[in-house]
Amino acid sequence: MKRFNMIDEEFICENCNKNVKKLKYSARDHCPFCLYSKHVDILPGDRKSNCKGLLIPIGIEKFKSSYKIVYKCEKCNEIHKNIVASDDDINIIIDLSVIKWFMILQENHKYMVLSIKIL
Ligand SMILES: [Zn+2]
Ligand SMILES: [Zn+2]
């Protein structure tokens, strides 16, 4: 297994301006109040990206026994994923998963239209 150098630190959220404390068991990579993150990592926790754009949460996906938050960078449009932290606001996660389900439904609909055309 690869080991990354994870940097766990306090920061002020650039979206909601709340003071975010260290996570302690892993690198804090997003705000637990609004789930926004910042494009600072190339590999998780390495803080080596020069982009520094705001990462906007756009969805949720299953990851092992937990979930990952899917982000889109407002500056470079790159898609990023962070693992859900233990103190994240569960209501926002539920909202995001509803958006994700809506996206999946729309994709399935496209697929259905496509398969009808083929038949
Ligand atoms: Zn925030
Ligand atoms: Zn970026």
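Worth pointing out:
- Test item: Cα-centred dipole of segment 1-53, Lys/Arg +1 and Asp/Glu -1 on Cβ, debye: 120
- Packing-based exposure ordering (other Cβ within 10 Å, fewest first) of Leu55, Leu43: Leu43, Leu55
- Glu9/Ser97 FRET efficiency (R0 22 Å; Cβ-Cβ; nearest 0.05): 0.20
- Fully extending the segment from Lys52 to Asn19 would add 10.1 nm, taking 0.36 nm per residue of separation and subtracting the current Cα-Cα distance.
Values in this text are rule-based calculations from the coordinates and carry no lab data. Since the model is a prediction, treat every value here as computed from it, not as a measurement. Virtual Cβ from ideal backbone geometry, glycine too; neighbours counted across all protein chains shown.
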